[in-house]
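Comments concern the structure below.
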Amino acid sequence: MPNKKKVEILPSEFAQKFLYLNGKPLSLADYKHLIDIYNFTNREIVLKFSRQTAKSTTLANIMITRAAMIPHFKVLYVSPTVDQTKIFSHERVAPVIEGSPLIKENYINSTLIQNVYMKQFLNGSRMYLRYALLTADRLRGYSADMNLFDETQDLRPDIIPVVKETMSRSLFKYALYAGTPKRTKGTLADLWFSSTMNEYAIKCSSCNYWNILDEKNIGLEGTICSKCGSYLDLINGKSEWVSTYSLTQKPYIEGYRVCILHFAHAPWVNWKTDVLLKRETSSKAVFYNEALALEYDEGISPVNKFQIQACCSDKPMVSEPTELDRNYSSIMGIDYGPSGSE
């Protein structure tokens, strides 16, 4: 038996060296903002992605990479519906396993299970792919080292702690929550606002201003500096993840926002149709959610967290009502919330 040598390698390095996508080796050279996500070490991670930003590909590669690198590692993937799980298994996980020479030749054979809901590796690792829309009862009894929640914005919040019980005996206990945002309240939003809320800041080479990409960075042909209007170099320019939480202590959950503006140079993104036209033809809520990975309240929340923060000042609170205040009648009413709300 040949001598075996232990090699120290980061998950992002393993993925780029050994995983293939559409017949070609995976490369993150032009997508540096994804490297820290591949290499996560925090026990809980929330990933807020817009559409067309490689969310499903990233989740599949994280599953396969960790299962390949760590013997007897068990991953439990959970989405809201059976169709979402089938699509993820067929179109994201299976092609990478079958198309990556190292994985196909050294990690699988005809004796192992490779179906829609379970993938086995020769190193003892397993990947379970399941769904839970209204209840997590069917997931009781599984044993996992990592829970991967997809489309978290559509998951019931009471499902998550039940699923996490599958990691009670694990030495790893990794929980990843991924999805595309909707409103400022909800399963994904609540996790995001409880996290470090990391934003990928990009430094303008013209005026040295650090940009956190949003609607102000949309130019006619690509991303621009919101201060001076110069085009930003997303590949070679200076950039880094920065935390934007306002709590006094660092949150336990690490959070990352990834939007289509980070992929302005990607070959699959057509700037005119995917950004400019979508901004013109979509509602503001849809554009904020689907393109910018930002929450948006549309006719549901009369006052949100950001409006309250905008009203804050250093002036002291009034402890007693003024004479003018006392002249007004105080009236309180109760209105029903939107359909289906609690």
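In table form, for the structure just shown:
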item	result
Among (1) open to solvent by 70 Å² or more (accessible area, probe 1.4 Å); (2) more than 14 Å from the chain's Cα centre (by Cα), the one test that LYS182 misses	(2)
Test: residue in the stretch 48-55 that is open to solvent by 30 Å² or more (accessible area, probe 1.4 Å) and under 21 Å from ALA178 (Cα atoms)	yes
Sole residue being in a helix (DSSP H, G or I), in contact with a Leu (Cβ under 9 Å, 6 or more places away or on another chain) and either open to solvent by less than 70 Å² (accessible area, probe 1.4 Å) or modelled with pLDDT under 95 (or both), chosen from LEU188, LEU176, LEU234	LEU188
Any hit, the stretch 211-219, residues being over 30 Å from TRP271 (Cβ atoms), open to solvent by 30 Å² or more (accessible area, probe 1.4 Å), in contact with a Leu (Cβ under 9 Å, 6 or more places away or on another chain) and modelled with pLDDT of 95 or more	no
Search result, residues across the stretch 3-29 that are open to solvent by 70 Å² or more (accessible area, probe 1.4 Å) and either among the charged types (D, E, K, R) or within 30 Å of ALA201 (Cβ to Cβ) (or both)	LYS4, LYS5, LYS6, GLU8, LEU10, GLU13, LYS17, LYS24, PRO25
Top-ranked residue of the stretch 4-43 - restricted to ones that are in a loop (DSSP other than H, G, I, E, B), among the charged types (D, E, K, R) and in contact (Cβ under 8 Å) with a residue 40 or more places away in the chain, ranked as farthest from PRO251 (Cα to Cα)	ASP30
From the options SER313, SER226, residue that is of a type in the set (Ser, Thr, Tyr), loosely packed, with under 12 Cβ neighbours inside 10 Å and assigned to a loop (DSSP other than H, G, I, E, B)	SER313
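The values are calculated or read from the model by the stated rules, or taken from the named source; none is laboratory data. Note that the structure is a prediction, hence the values are computed from the model and not measured. In this analysis, Cβ positions are derived from the backbone assuming ideal geometry, glycine residues included, and neighbour counts consider all displayed protein chains. Note: areas computed on protein heavy atoms with side chains; ligands, DNA, RNA excluded. Shrake-Rupley method; radii C 1.70, N 1.55, O 1.52, S 1.80 Å.
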